[in-house]
Amino acid sequence: MNSIELSPLRILIVEDDPMMQLGLEQALEDYPQLTIVAQASDGYLGVEAALKHLPDLIVMDIGLPRMDGIAATQQIKAALPKTRVVMLTSHTSETEIIAALSSGADAYCIKGSDVARLISAIAAAYEGAAYLDPQIARRVLEHLRPPATEMNIGQLSGRELEVLKLMVEGLSNPEIAAVLYLSPNTVKTHVRGIMNKLAVDDRVQAAVVALRAGLV
């Protein structure tokens, strides 16, 4: 990133591990374009700091106290859509990756990677491009290869589309039932119908198809 001409970036770090906070601060000191304007140790404080300091980019952990990084990212993106968010986390499950990306995260980087990868993620997010850590890219790509295409979305009913959007947001069947005033069994039937029509095997793959179709 030193070789790339960039405007100065004001960065907020949201991380609850003091040693990780210190490590990030020391790592980013080598890049004069990057200025850490604030740090927060949980999701609520992260949202407050973002609204107060209006950073250009946020380095966000997922496993945070009180409010996790996915929920915090959703709130921040709703209020500050131009603020870039780089997830830096040890979480590597498909569900969390998809949830993070659907929350508005611009990049997903794994803790323990070398600093160059984090800088690449920051640079990509700043340029408006998506970045997936190579450690998880293959896993995500595997879920981008279900036989269903975006065209299958057209087969869904209006109610199934409503259910699918809530699935992408990470709601469980009982939670979807409460939001849509349906019985859990009805929601279960809709979910089964959605997966059949989209020709996918699980909720994560259904979420990927919805994301690619631009439903969220």
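Tabulated results
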item: Yes/no for ALA178 being out of contact with any strand residue (DSSP E or B) (no Cβ under 8 Å at 6 or more places or on another chain), without any contact (Cβ under 8 Å) to a residue 12 or more places away in the chain and farther than 20 Å from SER103 by Cβ; result: yes
item: Tally, over segment 88-112, of residues that are assigned to a loop (DSSP other than H, G, I, E, B), closer than 25 Å to VAL204 by Cα and touching a residue at least 12 places away in the same chain (Cβ under 8 Å); result: 8
item: Matching residues in segment 73-85 - criterion: being under 29 Å from ASP201 (Cα atoms) and either surrounded by fewer than 24 Cβ atoms within 10 Å (Cβ to Cβ) or not hydroxyl-bearing (Ser, Thr, Tyr) (or both); result: GLN74
item: Which listed residue, of LEU215, LEU166, LEU182, is in a loop (DSSP other than H, G, I, E, B), surrounded by 15 or more Cβ atoms within 10 Å (Cβ to Cβ), modelled with pLDDT of 80 or more and not β-branched (Val, Ile, Thr); result: LEU182
item: Flag if VAL115 is at pLDDT 90 or above and at negative phi; result: no
item: Checklist (1) modelled with pLDDT of 90 or more; (2) crowded, with 24+ Cβ neighbours inside 10 Å; (3) closer than 21 Å to GLU169 by Cα applied to ASP106, failing item; result: (1)
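The values are calculated or read from the model by the stated rules, or taken from the named source; none is laboratory data. Please read all numbers here as calculations on a predicted model, not as lab measurements. Using ideal geometry, Cβ is built from the backbone for each residue, glycine included, and neighbour counts are taken over all protein chains shown.
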